[in-house]
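Worksheet: the structure to be examined is printed underneath.
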Amino acid sequence: MMSDIVHRRSPVLSTVIWGLVLVWIIAAGFPFLWTLWGSFKVQGDFFSKADWANAVYGVRTQIETGGALTGNGYYGAWVTKEFGLAAFNTSIVVVSVVIISLTLGTLGGYALARSGKKYAFYLLMLALVFRAMPHITLVSGYLLPFFEWNLWGHLPTAIIVMVAINQPFTLWMLHSFFLNIPKDLDESAMVDGCTRFQAFRHVIVPVMWPGVVTTGLFSFLLAYNDFTVTATLLSQANQTMVPKIASFLGTTQTEGNIMFAVAAVVSATAPLFVLILFFQRQIVSGLTAGAVKG
Amino acid sequence: MKNRTFFWFILPSLITMLLFIALPIVSVAVQSLHIEHQAVMIEVENCGPFGCKQELQVDVEETAKLKEERPLGQFNALGTYTNRNHLAFTEIGLAWQSSTGVVDFFSKALNLPFYRALSFTLTYTFVVTPLVIIFGFMIALGVNTLPKRIKGPTIFISLLPMIVTPLIGSLILFWMIDANGILGATLQRIFDDPDLSLKASPTLTWIMLMVYGVWHSAPFAFIVFYAGLQTVPADTMEAAMIDGASRWERTRYVVLPHLMPLTVFISLIQLMDNFRVFEPIVSFSAQASATSLSWIIYNDLVGTESQFFGSAGATSVLTIIGVSILLIPVLIRTWRDFNQKVV
């Protein structure tokens with residue numbers, strides 16, 4: 001009853017609030033909707049100086065292709081420009097980064113959560129410093145040695161680099177998840193004669209999945225969204241989607257194939273869309289985990 | 001946990017971090033003290049129809065050999081740091097002497113690549129961070145009052161700008177503000193100026209980049225504040241109401257203090273992340289009007305003819321120093337929190 005009074009508000013205020021939320025929703029969602037729709041048009045419609053409504057009805061698309069919608073952009077990106085190869089490379093990189101960082105991260109995060117010693121805290125502080133380093137400064141440290149040792153350009157190199165860059169964040173997140181798992185659980189297993197590793201393996205592993213899934217989502221996003229590392233450390237043949245799109249910019253603009261890039265952008269956004277659809281709750285809880293607790 | 005066990009658990013993670021984060025920082029510092037070899041010149045006699053001349057030529061073979069032997073280049077001490085492309089002491093000194101006033105001095109200094117990048121990076125960081133917090137807070141307050149049924153979809157849409165790849169998100173906006181894109185063309189019509197281009201004007205480019213920055217990061221602040229709003233103590237709220245506090249006063253004196261720690265958290269994270277602003281400059285092809293520290297390092301590394309490791313190293317070291325300064329408050333805060341927990 002009390003909460004009803006707390007939440008009662010004047011009609012003016014309600015309108016302002018609804019208006020504000022509506023403006024935000026449009027600002028956040030419309031660009032994606034617009035680009036998705038536009039990707040099925042020809043360039044003359046998506047970039048229509050005369051009238052933006054052309055892009056809605058597809059006037060030029062009708063003239064040039066005979067239909068209101070066209071898949072030419074997608075054909076160009078996936079077939080002509082071999083975007084599929086980049087998508088394949090991205091999936092290799094992303095899956096490997098997620099699996100490796102979670103494996104290393106769960107072991108390390110568990111140790112940090114259970115240690116209780118001063119040096120565990122110093123390690124966490126060090127991880128915080130490492131997390132703050134701009135990725136490009138690290139990359140400028142890799143390039144020369146990687147060239148010298150012929151490590152440059154290969155997928156495994158980019159994978160291990162991204163795992164490392166990902167570690168500080170993974171450690172912090174998993175560390176705070178493990179803190180929430182009661183100590184008694186693994187300690188009673190050790191009283192029963194398990195070694196630390198056995199206790200971890202048989203008692204902690206079965207209950208750690210919610211935290212691991214959430215952390216895994218963020219590792220996925222870091223690897224999937226990365227531009228700095230993949231653009232500088234991968235050779236042309238091994239390029240992943242994001243640097244591929246960046247390289248589209250130069251070539252397609254001059255060739256008049258900008259719609260290839262638009263189609264590629266939509267293709268690369270689609271998996272993220274699905275990801276939020278299924279894991280919205282985990283993403284929200286992951287974002288707030290660090291904040292609300294610490 | 002025993003020290004030995006701890007060591008084995010943390011080892012793999014620690015090795016990757018040391019190899020690929022700590023070591024590169026050292027490597028960057030070493031690189032920054034070196035400079036690319038100059039081409040080895042040899043004197044050759046060039047005989048043509050008008051007699052023979054002594055000419056200097058690049059000895060390709062010798063140069064390649066020298067590069068092979070010492071790939072790092074030659075030792076340059078702090079030379080790279082002080083040259084025109086970095087701290088530019090000489091140029092700054094000259095500008096100081098020759099300039100007529102403070103404004104003139106700054107306009108001269110901001111023509112130097114490093115200071116140009118630094119000025120954009122700092123402006124971006126300190127404009128975007130507060131705006132992200134303000135917008136995030138307002139959206140959170142707004143969404144919190146929505147009926148439960150539409151909260152979920154609202155949060156779903158709100159997450160998009162943050163989750164989508166920065167390079168892709170900024171490209172999507174860039175296409176819309178293109179002179180022929182929906183926003184760009186509409187703006188031209190509104191201002192009745194067919195030459196209005198958001199790309200051509202440095203001021204508009206700066207504004208667009210910052211608009212992108214706020215758009216990209218506001219969801220983060222929103223989600224954190226939204227979670228914080230769920231934990232505002234109901235008792236305090238009711239007590240404030242009984243004491244006759246208005247809606248505004250309740251927000252000001254109950255909700256805001258409760259969310260203060262979150263505000264600190266968001267601003268610290270945002271300061272660190274905004275300082276490395278990079279992708280939008282690539283997407284917007286904005287380098288003519290705005291460069292950031294990360295962008296000039298990238299530019300040194302992906303040069304088409306040759307890469308300038310020394311120059312990239314020096315900028316990297318200066319950037320790391322900048323990040324460390326921003327990081328000090330974060331470390332102090334974490335330190336204090338930890339010590340409080342122990343006591």
Failed item in (1) surrounded by fewer than 16 Cβ atoms within 10 Å (Cβ to Cβ); (2) within 29 Å of residue A:247 (Cα to Cα), with residue B:231 passing the rest:
(2)
If you scan region A:46-70, which residues turn out to be in a loop (DSSP other than H, G, I, E, B) and within 22 Å of residue B:197 (Cβ to Cβ)?
A:47, A:48, A:49, A:50, A:51, A:52
Pairs where the first residue, in region B:159-185, is among the acidic types (Asp, Glu) and the second is surrounded by fewer than 23 Cβ atoms within 10 Å (Cβ to Cβ) and in a helix (DSSP H, G or I), C-beta under 7 Å, 6+ apart
B:178/B:184
Residue B:145 vs. criteria closer than 21 Å to residue B:206 by Cα and assigned by TED's automatic domain parsing to the domain that holds residue B:323:
no
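Name every residue in region A:31-42 that is more than 9 Å from every other protein chain (Cβ to nearest Cβ) and either more than 27 Å from residue A:272 (Cα to Cα) or part of a helix (DSSP H, G or I) (or both), in order of residue number.
Those that are more than 9 Å from every other protein chain (Cβ to nearest Cβ) and either more than 27 Å from residue A:272 (Cα to Cα) or part of a helix (DSSP H, G or I) (or both): A:33, A:36, A:37.
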Within region A:144-164, is there a residue that is touching a helix residue (DSSP H, G or I) at 6+ places or on another chain (Cβ under 7 Å), without any contact (Cβ under 8 Å) to a residue 60 or more places away in the chain and part of a loop (DSSP other than H, G, I, E, B)?
yes
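Residue under question is residue B:262, and the condition is that it be in contact with a helix residue (DSSP H, G or I) (Cβ under 6 Å, 6 or more places away or on another chain), surrounded by fewer than 22 Cβ atoms within 10 Å (Cβ to Cβ) and within 10 Å of chain A (Cβ to nearest Cβ); does it hold?
When the stated conditions are applied, residue B:262 does not pass them.
Within region B:161-173, can one find any residue that is modelled with pLDDT under 90, touching an Asp or Glu at 6+ places or on another chain (Cβ under 9 Å), within 7 Å of another protein chain (Cβ to nearest Cβ) and assigned to a helix (DSSP H, G or I)?
No: region B:161-173 contains no residue that is modelled with pLDDT under 90, touching an Asp or Glu at 6+ places or on another chain (Cβ under 9 Å), within 7 Å of another protein chain (Cβ to nearest Cβ) and assigned to a helix (DSSP H, G or I).
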Are any of the residues in region A:162-179 surrounded by fewer than 17 Cβ atoms within 10 Å (Cβ to Cβ) and in the same structural domain as residue A:105 (by TED's automatic domain parsing)?
yes
Here are some residues: A:200, A:260. Which one is within 11 Å of chain B (Cβ to nearest Cβ) and among the hydrophobic types (A, V, I, L, M, F, W, C)?
A:200
Considering region B:175-212, residues that are among the aromatic types (Phe, Trp, Tyr) and surrounded by fewer than 22 Cβ atoms within 10 Å (Cβ to Cβ), and then whichever is nearest to the other protein chains (Cβ to nearest Cβ), we arrive at B:191
When (1) buried (at least 16 other Cβ atoms within 10 Å of the Cβ); (2) within 10 Å of another protein chain (Cβ to nearest Cβ); (3) outside any helix (DSSP H, G or I) are applied to residue B:286, the one that fails is (2)
Tell me yes or no: at least one residue of region B:94-105 is buried (at least 16 other Cβ atoms within 10 Å of the Cβ) and not β-branched (Val, Ile, Thr).
yes
Checking the conditions here, which among A:263, A:189 is of a type in the set (Gly, Ala, Ser), at negative phi and either within 26 Å of the chain's Cα centre (by Cα) or not in a helix (DSSP H, G or I) (or both)?
A:263
Check whether at least one residue in region B:142-151 is more than 11 Å from chain A (Cβ to nearest Cβ), modelled with pLDDT under 90 and in a helix (DSSP H, G or I), and report yes or no.
yes
Since residue B:15 meets every condition but one in (1) within 27 Å of residue B:320 (Cα to Cα); (2) surrounded by 14 or more Cβ atoms within 10 Å (Cβ to Cβ), which condition does it not meet?
(2)
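The values are calculated or read from the model by the stated rules, or taken from the named source; none is laboratory data. All figures in this text were calculated on a predicted structure; none of them were measured in a lab. Counting neighbours? That spans all protein chains shown, and the Cβs are built from the backbone with ideal geometry, glycine included.
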